[in-house]
Amino acid sequence: MKRIVRSLFIVGFALSAVGLLRIGYFEAKAELAQHLMQNAWEENKQLMNQLDGKIKTNPAKIKPWPWADTWPVFKLIIPRIASNSLVLKDASGESLAFGPGLLTTSIYPGERGNSFIAAHRDTHFVHLAEIKNGDAIFIENITEQQLHFKVDLIKIVDSRTHQPLTDTPDTRITLVTCYPFDATESNTPYRYLVSGRLVVDSSSDTKNPQLAEIRLANLH
């Protein structure tokens, strides 16, 4: 009996170690990706400085690593959780493996409508639940102009029945990740949303996006 208990303990310890190594791997991968993305972002800034006064707010397609099919498009800054991350151009599975991604590629932050940014709950949005109503969220573009959003809505939705529209009368961003944060399964249908309205606009460029909806169920 003692041998069985001991064997079970060893197996349990080994599985726990594998789980911790797996978590550590994904955290290290996300951290390294942000470092490479920062290098690409800085290279982009240098390119902007070489435009001889020509205004350009959209970053060039400078890839963070040679085989990447994505690139950083703006910074997401959340003071409450001490988060400063570069956001990739889309929210594909590959992009989200390395950092937050823009889910609504036709609506950028600062344009009228609801711009969605997604990230995994165990890496870049691991502390999303700590954000409170009234907190500030900043979006910074390649020319270091900042947009200030104030959180006014936090809720949990079921992606099987809730598909939020992006066409809103105001200008806002919504951060989305899977829920619950401590779930062991990867295909939970629930999503945690943190939404904020624009309160300071450093850019005069806005547009009217077409009516659209996003598929929250595609996030894992």
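Using modelled amide H (1.01 Å from N, peptide plane; none on Pro or chain starts), what sits under 5 Å from the amide H of G113, excluding residues fewer than 5 places away? It is T168, D170, T171, R172, by chain and number.
Given their separation in residues at 0.36 nm each and the Cα-Cα distance between them, S92 and S106 gain 3.6 nm when the chain is fully extended. Rounded to the nearest angstrom and listed largest first, the equivalent-ellipsoid semi-axes of the range 86-128 from its Cα gyration tensor are 19, 12, 7. Sequence-ordered 3J(HN,Hα) estimates for the range 97-112 from the Karplus curve with 6.51, -1.76 and 1.60 and θ = phi - 60° stand at 5, 10, x, x, x, 7, 7, 9, 5, 8, 10, 8, x, x, 8, 4 Hz, glycine and proline given as x.
The numbers here are math on the coordinates, done by the rules we state, and not lab data. Worth saying up front: this structure is predicted, and the values here are computed from it rather than measured.
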